[in-house]
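These notes are about the structure you will find just below.
The values are calculated or read from the model by the stated rules, or taken from the named source; none is laboratory data. Computed from a predicted model, the values in this text were never measured in an experiment. Cβ coordinates were reconstructed from backbone atoms using ideal geometry, including for glycine residues, and neighbour counts include every protein chain displayed.
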Amino acid sequence: MFAFAGLGNPGYQYQFNRHNIGFMAIDYASTKIEIAKVRLIHNAIIMNSSIDKVDILLIKPLTYMNRSGNSLSAISSSLQLKPQDFIIIYDDLYLPIGTIKIRQKGRNGGHKGMASIISSLQTEEIPRIKIGIKNENPIPADIYSDYVLSNFESEELDIVNDLLERTYQIIISIAKDGLSLSMNKYNRT
């Protein structure tokens, strides 16, 4: 089983923020994949599905970004998932918009949602899909939080739609072919 967890903040005011690209990716995938069951448990929306007879979960933790680990830790315990069963989908402030990187593990890279998950699951060995949100303008460190909580610009929406489709294709690829083959295929482009 693969548990794809998109990170974001619940609430209408955050819906189109750069920081919510993980939620957007899960929402997009849920419109393309047949969902068998939707539950609200452990402060998360969990959607059950399958791809080529491989069970998958699409997860949106509702604990707010900086406490995402609380929800995923509870899900891990109750569903008996290992940290390596999760694929975390989240924004990366250091990757240019339009870029996606798949990693098997790593540090939090300054991302508080990933820091919470690493702390709660007690390992850095958590696969992830990082989606670039940085535009071409320099971002001073003192406004990082304002920037990630800003909405995408109208001229970026075509890129965002392409990112969501590519992330969906990566989800399909990981379910069908596994993480390593998907990394080889998608990290090159």
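For this structure, a couple of remarks:
Listed here are the residues, each with its yes/no results for (1) closer than 20 Å to THR63 by Cα; (2) surrounded by 15 or more Cβ atoms within 10 Å (Cβ to Cβ).
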residue	(1), (2)
LEU81	yes, yes
ILE117	yes, yes
GLU136	no, no
SER182	no, yes
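- Taken together, ASP91, ASP27 contain a single residue that is acidic (Asp, Glu), surrounded by fewer than 22 Cβ atoms within 10 Å (Cβ to Cβ), under 14 Å from the mean Cα position of the chain (by Cα) and at pLDDT 95 or above, which is ASP27.
- Meets criteria (in contact with an Asp or Glu (Cβ under 8 Å, 6 or more places away or on another chain) and either among the basic types (Lys, Arg) or closer than 15 Å to ILE129 by Cβ (or both)) for ARG103: no
- Taken over the range 1-37, residues that are in a strand (DSSP E or B), in contact with a Leu (Cβ under 7 Å, 6 or more places away or on another chain) and hydrophobic (A, V, I, L, M, F, W, C) amount to 3.
- Test: residue in the range 43-59 that is in a helix (DSSP H, G or I) and either at pLDDT 95 or above or crowded, with 23+ Cβ neighbours inside 10 Å (or both): no
- Count of the range 139-154 residues which are outside any helix (DSSP H, G or I), in contact with a strand residue (DSSP E or B) (Cβ under 9 Å, 6 or more places away or on another chain) and over 22 Å from ALA29 (Cα atoms): 3
- Flag if GLU125 is surrounded by fewer than 20 Cβ atoms within 10 Å (Cβ to Cβ), at pLDDT below 95, more than 16 Å from LEU58 (Cα to Cα) and of a type outside the set (Gly, Ala, Ser): no
- The range 93-115 residues that are within 24 Å of SER150 (Cα to Cα), paired with ones that are small (Gly, Ala, Ser) and exposed (fewer than 15 other Cβ atoms within 10 Å of the Cβ) (beta carbon under 9 Å, 6 or more apart): LEU93/GLY110; TYR94/GLY110; ASN108/SER119
- So GLY110, is it at pLDDT below 95, within 17 Å of the chain's Cα centre (by Cα) and surrounded by fewer than 17 Cβ atoms within 10 Å (Cβ to Cβ): yes
Every residue, every condition in (1) out of contact with any Leu (no Cβ under 7 Å at 6 or more places or on another chain); (2) not in a helix (DSSP H, G or I), yes or no:
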residue: ASP92; (1), (2): yes, yes
residue: GLY110; (1), (2): yes, yes
residue: ILE117; (1), (2): no, no
residue: ILE131; (1), (2): no, yes
residue: ASN137; (1), (2): yes, yes
residue: GLU156; (1), (2): yes, no
residue: ASN161; (1), (2): yes, no
residue: LYS185; (1), (2): yes, no
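- Residue pairs whose Cβ atoms lie under 9 Å apart, sitting 6 or more positions apart in sequence or on different chains, and linking a residue in the range 24-52 that is at positive phi to a partner that is of a type outside the set (A, V, I, L, M) and surrounded by fewer than 18 Cβ atoms within 10 Å (Cβ to Cβ), are HIS42/SER77; HIS42/SER78; ASN43/ARG67; ASP52/LYS176.
- Among the residues of the range 60-74, those identified as among the aliphatic types (A, V, I, L, M) and either surrounded by 21 or more Cβ atoms within 10 Å (Cβ to Cβ) or touching a Lys or Arg at 6+ places or on another chain (Cβ under 7 Å) (or both) are MET65, LEU72.
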